[in-house]
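The values are calculated or read from the model by the stated rules, or taken from the named source; none is laboratory data. Source: prediction; values computed, not measured. Here the Cβ positions follow ideal geometry from the backbone for every residue, glycine too, while neighbour counts run over all protein chains shown.
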Amino acid sequence: DEDADLLAGVELGEDGIEYSPALPVVAIVGRPNVGKSALVNRILGRREAVVEDTPGVTRDRVTYKAEWMDRRFSLVDTGGWEPDARGIDASVAAQAEVAIDLSDVVMFVVDAMVGATSTDEHVVRLLRKAGKPVFLVANKIDDARQEPEAAALWNLGLGEPHPVSAIHGRGVADLLDEVMKVLPDVSAVAKREIGGPRRVAILGRPNVGKSSLLNKAAGEERVVVNELAGTTRDPVDEIVDLGGRLWRFVDTAGIRRRVHLQQGADFYASLRTSAALEKAEVAVVVLDVSETISEQDVRIIDLVLESGRALVLAFNKWDRLNDDDLENQDRRRYLEREIEQDLAHVAWAPRVNISARTGRHLDKLVPALETALDSWDRRIPTGKFNAFLSELVAEHPHPLRGGKQPRILFGTQASTRPPTFVLFTTGFLDPGYRRFIQRRLRELYSFDGTPIVINMRVRE
Ligand code: GDP
């Protein structure tokens, strides 16, 4: 059709979120200092992607879009938090656990110059139980003379060791060629069944009430997954009947099974969050109204925005503010203020005030999810969108810049999920002006509950 012709050759801009429904997932696992970050950098082919290995550094970003020989996949980097010696076994096991649940293929990195340690052997046991394809990567083999060190890793029982030098790049291409042979085209963990129940991730920092919400929502209505035609059994998801329709709550195992870690718990929480977002269409971010909105809450919301998924905010534990005493009145007032200050950038997200404990107002969740998903799916016809643009420009022209004024020649919605627009312009539009366009779009077409992406194609 006409739109498709116009869009031929248009890629989403570097500022845009390129939404990819079901990319297969490769996870990189291994002890600290074996070279996981170097391998991630090497695969991504850009050095700045991952911060250098610094012990104890926490990164929020754990999923990267990668590509090899025209095949695209998600790369999950579990190396963002490097534990001290005491916590090593527990945290490396936690990495492996996440990787096993949420990836299609695992790369297990070992420092070949050190050889297999007891921590490595611990992980090997977990990986073997999982039954997913595992590539044993023997890193730090910088030249051919060191290859016997790699061969020594046969005795881990994970099959052939793949000798590489992540720093110099040696062997990485061969490794990726092998990985591509077993990597599915569509992720088996993402399971995007067309027409199946829509996929919801329940997110939030520890103790806000995620598992309470899940338990209350699932209640007695829980459906046994394999009774459902066309669904595949996935022990980490649960199908729940809510408001007369079925929903797939993704990665519920991650909510129910708590990783008890003294240190690094935040990092593994973000790992879970990112992985759950990969699979979800809409996220419910749970906040605890009895506590101050924290940086961690905002960070989780920002991960949802970055992922391009639809968003609903669930303010939980309202039963705690029931008594109309002064303290609660204060808290309620502060909460309003915190929402205005810290959550202004997601003022468009539907909000529900609930109590997972009493079940109060849980029925409000379904309409909120439906609103968010409708917006996420919404498409504005090209004609309408251009009429909208002309009107907006006539009313509020772009400010002059150095005597010149960038003009918008034409625009179209390149995709849904989330709504992504491309503007063809004669110059760069100011970020402020782009935000103005977004605001207007929201006012007119009520994109409640979804991020909107606006990309530019500048025609010189
Ligand atoms: P999660 O870590 O986010 O899964 O949080 P949990 O569901 O385990 O809840 C943490 C604590 O908060 C538990 O003690 C719950 O009983 C309590 N909790 C959860 N929801 C509510 C609620 O709506 N009201 C009150 N008062 N407590 C709640």
Exercise. In region 380-396, what count of residues is obtained for those that are surrounded by 12 or more Cβ atoms within 10 Å (Cβ to Cβ) and in a loop (DSSP other than H, G, I, E, B)?
Worked result: 2
Exercise. What residue, among those in region 186-243 that are within 16 Å of the ligand (Cβ to nearest atom), assigned to a loop (DSSP other than H, G, I, E, B) and closer than 18 Å to GLU281 by Cβ, is modelled with the lowest pLDDT?
Worked result: VAL236
For this session: Go through region 345-371 and give me each residue that's more than 16 Å from the ligand (Cβ to nearest atom) and touching a Ser or Thr at 6+ places or on another chain (Cβ under 6 Å).
Result: PRO350
Exercise. Taking the stated definitions as given, is PRO451 part of a loop (DSSP other than H, G, I, E, B), surrounded by 20 or more Cβ atoms within 10 Å (Cβ to Cβ) and touching an Asp or Glu at 6+ places or on another chain (Cβ under 9 Å)?
Worked result: yes
